[in-house]
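Working notes, structure below.
The values are calculated or read from the model by the stated rules, or taken from the named source; none is laboratory data. The model shown is predicted, which means the values in this text are computed figures rather than measured ones. So basically every Cβ, Gly included, is an ideal-geometry build from the backbone, and we count neighbours across all protein chains shown.
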Amino acid sequence: MTFGIINLWSAGVMALLLLPNLVYALKFQDANFRSGSRWLNLLEQAGRYGSMALSVIPLGAPGGKFGFASVGEMLAWMGLMAAILAAYYLCWLLYARRRTPALAMALAVLPCVLFLVHALLLRHWLLGLFAAVFAAAHLTIVRQNTRS
């Protein structure tokens with residue numbers, strides 16, 4: 001199965017990934033994880049926005065299109081995306097009640113895993129590169145901000 005210029009399934013996943021972040025940001029406007037390193041913050045943002053954009057638009061994808069090698073891969077992708085998003089929402093619900101370092105780290109890991117799985121199953125190596133940059137920077141920043 002292949003997708004055209006815009007992958008609406010992935011756009012839906014990205015919207016669902018952003019929704020709890022927006023709700024949380026509106027509720028807790030003071031909560032903002034940043035690093036003291038400007039470069040680390042820039043790498044995180046480049047990785048984040050690059051991963052989101054490349055999840056929806058197949059820039060650099062083989063043949064200029066998204067696609068799965070088989071129906072089984074597509075079903076695996078759907079199941080994994082649903083499971084990761086469900087875990088992400090659960091962590092957000094728990095984190096809204098009690099902000100702990102373990103939950104903050106879980107909230108950092110899950111989007112990284114989502115982007116990396118997405119890149120792997122779609123064989124989109126540029127997305128994989130942006131996801132790896134995002135993961136390294138994002139996890140470092142969250143770790144810096146949650147040290148006791």
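Side notes on the structure shown:
- Residues of the range 57-88 that are modelled with pLDDT of 80 or more and within 18 Å of Val133 (Cα to Cα): Leu59 alone.
- Within the range 118-127, the set of residues being surrounded by fewer than 20 Cβ atoms within 10 Å (Cβ to Cβ) and either modelled with pLDDT of 95 or more or under 23 Å from Ala15 (Cβ atoms) (or both) comprises Leu120, Leu121, Leu126.
- Number of positions in the range 20-41 that are in contact with a Phe, Trp or Tyr (Cβ under 9 Å, 6 or more places away or on another chain) and surrounded by 14 or more Cβ atoms within 10 Å (Cβ to Cβ): 2
- Criterion (touching an Asp or Glu at 6+ places or on another chain (Cβ under 8 Å) and under 17 Å from Val13 (Cβ atoms)) met by exactly one of Phe130, Phe115, Phe66, Phe134: Phe134
- Elements of type helices (runs of 4 or more DSSP H) contained in the range 55-148, each with 1 or more residues being in contact with a Gly (Cβ under 6 Å, 6 or more places away or on another chain) and not hydroxyl-bearing (Ser, Thr, Tyr): 101-122, 125-146
- Check on Ala96, surrounded by 14 or more Cβ atoms within 10 Å (Cβ to Cβ), modelled with pLDDT under 90 and over 20 Å from Val133 (Cα atoms): yes
- Among the residues of the range 25-40, those identified as in a helix (DSSP H, G or I) and out of contact with any helix residue (DSSP H, G or I) (no Cβ under 7 Å at 6 or more places or on another chain) are Ala25, Leu26, Lys27, Arg38, Trp39.
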